[in-house]
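Below is one structure; the comments refer to it alone.
The values are calculated or read from the model by the stated rules, or taken from the named source; none is laboratory data. Since this is a predicted model, take the numbers as computed values, not measurements. Here the Cβ positions follow ideal geometry from the backbone for every residue, glycine too, while neighbour counts run over all protein chains shown.
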Amino acid sequence: MIAGIGSLRCGRTRRMQSAALALAGFARPLRGTSIGLVAALLLAGCVHSGTPGGSCCDGAERYPGWMIDVYEPVAPVLGDAFGRVVMRRGLLAERSDALHHITQRLRPLDILVVSSKGRLTGNLIPGLFSHTVVYVGSESQLRALGVWNDPAVRPHQEAIRAGKVMIEADHRGVHLTTAATALDTDRVAILRPRVGDRRRTAALLISHVGTPYDFVFDNNDTGELYCAELIDHAMPEIRLPSRELYGRRMFLPDDAIAAGTGGRMRATPVLYVRATDSGWEDAGPAELKPDLAAAWRR
């Protein structure tokens with residue numbers, strides 16, 4: 001999400017060095033202006049920081065207009081490169097007990113908002129959380145919803161049976177994925193949406209599989225979707241908050257958390273799990289507000 005590339009901090013030297021080395025592998029296809037922009041974006045992370053004492057999500061627009069103008073023509077190339085850079089696995093990835101704890105509490109259409117600081121994109125997006133995923137449900141759950149044999153679902157039945165019970169939009173486009181892949185992250189908050197027609201919503205979500213990724217994060221472009229934009233298309237009634245950044249409407253994951261904890265959207269935080277190098281904990285939704293505030297003070 002180009003709007004957030006300023007959240008990379010100088011104090012995170014190791015992270016930046018790892019990212020730079022990883023991006024070097026993409027340097028050959030990224031010639032001229034593209035290479036210059038990559039350098040500018042990484043250096044900008046040393047200059048920009050959160051707003052001291054500020055609230056979520058003050059100061060999210062951190063780059064001059066010329067930088068955005070340079071980025072947009074090469075957005076698919078750079079965005080794909082950024083999406084492939086992984087410095088380490090998520091802190092929850094190897095903790096089977098944590099994954100079991102999370103997955104056993106999921107219901108169809110639950111929104112997972114994740115924080116992945118081991119990925120380049122997790123450091124470039126402003127704030128704490130960087131991506132959203134939706135749990136579509138298992139075969140038995142989709143049968144109970146009455147959507148298993150819907151024309152939108154039938155082509156994906158085998159994938160769902162094989163464990164691809166999540167849907168997301170990333171640099172590869174909209175696709176189904178497994179819980180283990182979606183939870184290869186450091187922390188996850190689950191928002192439970194309140195929607196009227198759950199059957200229709202599930203079918204609509206799955207019907208978007210194959211939609212290209214929106215590398216410029218423009219909510220007005222309905223032919224391409226990024227992660228939170230996919231949710232807004234399928235569940236407009238939850239009132240996912242958006243803001244204007246660089247002359248367009250877009251969504252920030254932290255805005256969704258702030259709105260959910262503040263009762264300003266039709267989705268309720270029901271779980272918050274965070275991990276460190278030494279372990280993990282079910283911190284509870286009450287910890288989302290202070291963690292979010294701390295992330296934006298840095």
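Quick look at the numbers
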quantity: Test: residue in segment 67-77 that is over 24 Å from R194 (Cβ atoms) and either among the small types (G, A, S) or in contact with a Cys (Cβ under 9 Å, 6 or more places away or on another chain) (or both); calculated: yes
quantity: Verdict on A98 being over 27 Å from E287 (Cβ atoms) and among the small types (G, A, S); calculated: no
quantity: Every residue from segment 206-257 that is over 23 Å from P193 (Cα atoms), surrounded by 19 or more Cβ atoms within 10 Å (Cβ to Cβ) and among the acidic types (D, E); calculated: D214
quantity: Single residue of G284, G260 found to be crowded, with 21+ Cβ neighbours inside 10 Å, under 29 Å from A202 (Cα atoms) and out of contact with any helix residue (DSSP H, G or I) (no Cβ under 7 Å at 6 or more places or on another chain); calculated: G260
quantity: Scope segment 155-178; condition within 16 Å of L106 (Cα to Cα), in contact with a Leu (Cβ under 8 Å, 6 or more places away or on another chain) and in a strand (DSSP E or B); matching residues; calculated: M166, I167, E168
quantity: Pair list, Cβ < 6 Å and 6+ apart or interchain, from segment 86-100 residues that are touching a residue at least 60 places away in the same chain (Cβ under 8 Å) to residues that are crowded, with 19+ Cβ neighbours inside 10 Å and β-branched (V, I, T); calculated: G90/T185; L92/T185
quantity: Pair list, Cβ < 8 Å and 6+ apart or interchain, from segment 169-196 residues that are closer than 20 Å to P212 by Cα to residues that are acidic (D, E) and not in a strand (DSSP E or B); calculated: A169/D214; A169/E229; H171/D80
quantity: Residue count, segment 241-298 (criterion: among the acidic types (D, E) and touching a Gly at 6+ places or on another chain (Cβ under 7 Å)); calculated: 1
quantity: Of all residues making up segment 121-144, the number that are outside any loop (DSSP other than H, G, I, E, B) and either basic (K, R) or crowded, with 20+ Cβ neighbours inside 10 Å (or both); calculated: 11
quantity: Segment 233-261: number of residues that are in a loop (DSSP other than H, G, I, E, B), farther than 24 Å from A293 by Cα and either at pLDDT below 95 or among the acidic types (D, E) (or both); calculated: 1
quantity: Matching residues, segment 95-120, being in a loop (DSSP other than H, G, I, E, B) and charged (D, E, K, R); calculated: R95, R105, R107, D110, K117
quantity: Residue check, D255 touching a Lys or Arg at 6+ places or on another chain (Cβ under 7 Å) and within 16 Å of P126 (Cα to Cα); calculated: yes
quantity: Those residues of segment 262-279 which are within 19 Å of H101 (Cα to Cα) and assigned to a strand (DSSP E or B), in sequence order; calculated: T268, P269, V270, L271, Y272, V273, R274, A275, T276, G279
quantity: Close pairs (8 angstrom Cβ cut-off, 6 or more residues apart or separate chains): touching a residue at least 60 places away in the same chain (Cβ under 8 Å) in segment 206-221, crowded, with 19+ Cβ neighbours inside 10 Å and hydroxyl-bearing (S, T, Y) anywhere; calculated: Y213/Y226; F215/Y226; F217/Y226
quantity: Candidate set: segment 280-298, residues that are touching a residue at least 12 places away in the same chain (Cβ under 8 Å) and not in a helix (DSSP H, G or I); chosen: the one farthest from D197 (Cα to Cα); calculated: R298
quantity: Considering residues of segment 206-230 that are in contact with a strand residue (DSSP E or B) (Cβ under 6 Å, 6 or more places away or on another chain) and in a helix (DSSP H, G or I) only, the residue nearest to D80 (Cα to Cα); calculated: C227
